[in-house]
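The values are calculated or read from the model by the stated rules, or taken from the named source; none is laboratory data. The structure displayed is predicted, hence computed values, not measured ones. For neighbour counting, all protein chains shown are included, and Cβ atoms are generated from backbone atoms with ideal geometry for every residue, glycine included.
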């Protein structure tokens, strides 16, 4: 379930008392986001966040910045900075962001600071999903919805379904679905897909067809999102053969898979070591007009390197970097070291120089990688 900040109030946020951290130059929005994501210096995060609050292209971008900021401030063990930022936000937004910072007690304080509403209850339940306190979700849902006579909506019910499924109580969801109908809340594709994923995770595959039949009976379209849920779940169970059969069946029915469909299958095939088939599915995806995302490329590069297929990994890496998607340091280091070990010194050096140009701040780290390349080249000459 994707939780979005419904209303980031910009003006109160601008009244943050950050005067000691005033800066003269405001970085462009993309650069500001990059800095917020990469630094764990509380002072710098507060500086950039204050300026980004004035230049953010939209509330959505500000939400991304806030999430990155509280995550890194939590890593820097700076709860006071987190509190100073979130104290100016609406309660439902603050509750979720406190949870993302790992501060569930603070989220609890905010929730109880005012009379609970549908918005704050939904946020509070989601905070427990974020912090993986799944066991508490259902009890809190019952306690506060009854105590404060809160009329529940589909989003809140779906959060509870997520909690039950992650608590290995997927079959309890069937009675909750009945309750939703009684209260006039129609389950949607998210409700059913979450249940399907939970049933697969618990190995209760015989109940999946029951859910699919319920969807048909209740006129809930079985679209590509449901197919994707099933393919991902089968791949996690290392049943990629069944996942491929489901994909073929889906196509035969005239339903077009999307890039998410292919990514789940590619990840599953890579995890099972079938890189040849993963590569074939990748090519099929491109042929079908679907565009691979960064995670799909990173998955291919990681597993190709793990299998020692560094030249193929380089091809995917180059394609990825052409779209400004650069794998994380550990993957790049493995690829460059691997190219050097198999005698592809020029390719290793060129890739290394390219990465250094993109991340000049990390040049010291890359010097160590360069030294390893030189070492392999020297050993090759002996």
Qualifying helices (runs of 4 or more DSSP H) (wholly inside the range 8-77; at least 1 residues being more than 19 Å from residue 92 (Cα to Cα) and modelled with pLDDT of 85 or more): 42-55, 59-75
Any hit, the range 197-216, residues being part of a helix (DSSP H, G or I) and under 30 Å from residue 117 (Cα atoms): yes
Out of 270, 290, 235, sole residue that is surrounded by 15 or more Cβ atoms within 10 Å (Cβ to Cβ) and not in a helix (DSSP H, G or I): 290
Verdict on residue 186 being surrounded by fewer than 21 Cβ atoms within 10 Å (Cβ to Cβ) and assigned to a helix (DSSP H, G or I): no
Residue in the range 198-211 that is in contact (Cβ under 8 Å) with a residue 12 or more places away in the chain and over 26 Å from residue 272 (Cα atoms) present: yes
Odd one out for residue 80, checked against (1) over 30 Å from residue 115 (Cβ atoms); (2) surrounded by fewer than 18 Cβ atoms within 10 Å (Cβ to Cβ): (1)
Pair list, Cβ < 6 Å and 6+ apart or interchain, from the range 126-141 residues that are in a loop (DSSP other than H, G, I, E, B) to residues that are surrounded by fewer than 23 Cβ atoms within 10 Å (Cβ to Cβ) and at pLDDT 95 or above: 131/104
